[in-house]
1. Between ASP275 and ARG79, with labels modelled 7 Å along Cα→Cβ, what's the label distance in nm to one decimal, could you check?
2. How far is the Cα center of region 335-364 from the Cα center of region 262-320, in Å?
3. On a 1.4 Å probe surface of the protein chains, which of MET1, MET91 comes out largest in accessible area, and what is the full order?
4. Take the cross-link list LYS72/LYS195; LYS186/LYS458; LYS171/LYS442; LYS147/LYS398 and give me the ones stretching past 29 Å between alpha-carbons.
5. Which of the trypsin sites (Lys or Arg not before Pro) found in region 1-87 are in a DSSP loop and have at most 16 neighbouring Cβ atoms, other than their own, within 10 Å?
6. For the Cα atoms of the chain, what angle does the longest principal axis make with the long axis of helix 391-407, in degrees from 0 to 90, nearest 10?
7. Where does each of PHE385, PHE331 land when they are ordered by accessible area, with a 1.4 Å probe and the largest first?
8. For LYS467, go through the aspartates and glutamates and keep the ones whose alpha-carbon is under 17 Å away, minus same-chain ones fewer than eight residues off.
Amino acid sequence: MQSYEDYLKTSNEYGLVANITHPTAVVDGLPGATPGELVVFESGEVGQILSLHNKQIEVLLFSRKPVRVGSKLTRTDTRLSVPVGEKLLGMTINPLGETLTNGKTPPFFKEQRDIDIVPPKITQRQRITSSFLTGVGVIDLLLPLGKGQRELVVGDRKTGKTSFLLTTILKQVQEGTIVVYAAIGKQLSDIKKLKTFFEKEKVSESIVLVAASTNESPSLIYLTPFTAMTIAEYFRDQGRDVAVIFDDLSTHAKFYRQIALIAKRFPGRESYPGDVFYTHARLLERAGNFTHPQKGEVAITCLPIAETVEANLTNYIVSNLISITDGHILFDFSIFSQGRRPAVNVPLSVTRVGKQTQDSVRRDLTRTLLAFLTQYERAKSFTHFGTELTDEIKSMLKRGKELSQILDQPTTQVIPITIAVIFAAMIWKGMLTEFDEATIDKLMSTLIAKYEKDEKTKKFLDNLVDKENVKQSLLLLEQKREEVIALCQPNKN
Ligand code: ATP
Ligand code: MG
């Protein structure tokens, strides 16, 4: 950005700050101002024009330093934009494109993009056809996602929402996807934790972290998801698949409400401004599966987080987001407190377009496992009465418990879909009855390690699940059972 004096020369207009209620200021003068235009203050601070009144204009301040009554400002004839480029990978920036360490925009970016654009039209979009794998067994098996889908991650505080997304990031980086993570109004310590996690897992070179901590001005926090989406669009245009994560949009809405109330906008439901739905819809509409001239298609998959209070999904912002997105994954505190990780409530979660991306084996298996798990949950409730159980129910309870066990995983473990399918199918078919749960867990970890290291093993296992339908796959699994179990044993040498 140029200096105040440079812009004054071109615009020939200046205004004076008449009144300040942070983060907004009322300004006299600037007759040529247009809504959304950027303004620069004498001191170098930046703001954006929020609304025009009869003789005065209202400006949104992005500054951390206070602007004083009586300071001069001029308009710039430009809109809010951020620098974009390949070099963003591995960087942590604020929503104006400045680094968090020195507050300056790095000099090497050649391109600037407007952060608030009209979402692409239907003619630029394509049907969602490929799977988006998260590396989290319970999601990939039971709630499959597609590339370009917008899936809400919703749940109470501290139920593992961020942890689930971290596993997803690890998996997606393996697949060559670029990840843009928007940390919206988080504590500085949380932002630091994220950075450390990415560095420790050696994935930071595929991630752009856009962060505005709680210490920043509410207007800057408000911009965070828009900047993140703009950066995602840049990489999409380079032909790269992108995953965008908004952590979280409930906080975003709260900061937007704060700005709107200070700007004396008419308060709507729960005091949120009337256009909060439009704001989120316009943002999330920018994700999807798009036509690309060279690649054919590229996707921006969007995973926004929303926070609930006491699992109340009818909350205004949460229900808005549920209706904008293509489904939601519900993290449940009661499941979390039973010690299950990730604590996903499968029956109450929804995925609308993911199923169309599955091959027939996975589709059949998803259907069968969902039905089985429902039966299992029902059978489990009988055990509370101390009734005598038939052998059939006992075997179902054992298999159900084993299945839940393999669907539990730590944050840093990524489960390849082939392994998840093989183990789920073998447990469901009762092919692992001689092992207890702890052993099954160990067998799976060994097989994952071999699958990732050894190309031959990978091919052999992939081939088992790559069949026309689940019946053929199960038949093959039954024939090759001994071979698979042998592979699950750690190598002696
Ligand atoms: P917040 O509301 O603060 O954003 P959150 O819903 O994002 O919380 P996390 O911070 O991801 O939740 O997780 C809460 C706690 O649960 C953390 O201490 C985390 O280590 C633990 N946790 C979550 N998922 C797992 C997992 N799969 N394995 C081990 N620990 C987990
Ligand atoms: Mg979190």
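1. Result: 1.2 nm between the two label points.
2. So the two Cα centres are separated by 22 Å.
3. Numbers: MET1 135, MET91 30 Å².
Descending accessible area places them as MET1, MET91.
4. Details: LYS72/LYS195 39 Å; LYS186/LYS458 40 Å; LYS171/LYS442 21 Å; LYS147/LYS398 35 Å.
Violating the 29 Å Cα-Cα cut-off are LYS72/LYS195; LYS186/LYS458; LYS147/LYS398.
5. On the way: sites: LYS9, LYS55, ARG64, ARG68, LYS72, ARG75, ARG79, LYS87; in loops: LYS55, ARG64, ARG68.
Passing both the DSSP loop test and the Cβ count: LYS55, ARG64, ARG68.
6. It works out to around 40 degrees.
7. Numbers: PHE385 155, PHE331 5 Å².
Ranked list, largest accessible area first: PHE385, PHE331.
8. Within the straight-line cut-off, LYS467 pairs with ASP359, ASP364, GLU478.
The values are calculated or read from the model by the stated rules, or taken from the named source; none is laboratory data. None of these values were measured; they are calculated from a predicted model. All Cβ positions, glycine included, derive from the backbone under ideal geometry; neighbour counts span all protein chains shown. Heavy atoms of the whole protein, side chains included, go into the accessibility calculation; ligands, DNA and RNA do not. Shrake-Rupley method; radii C 1.70, N 1.55, O 1.52, S 1.80 Å.
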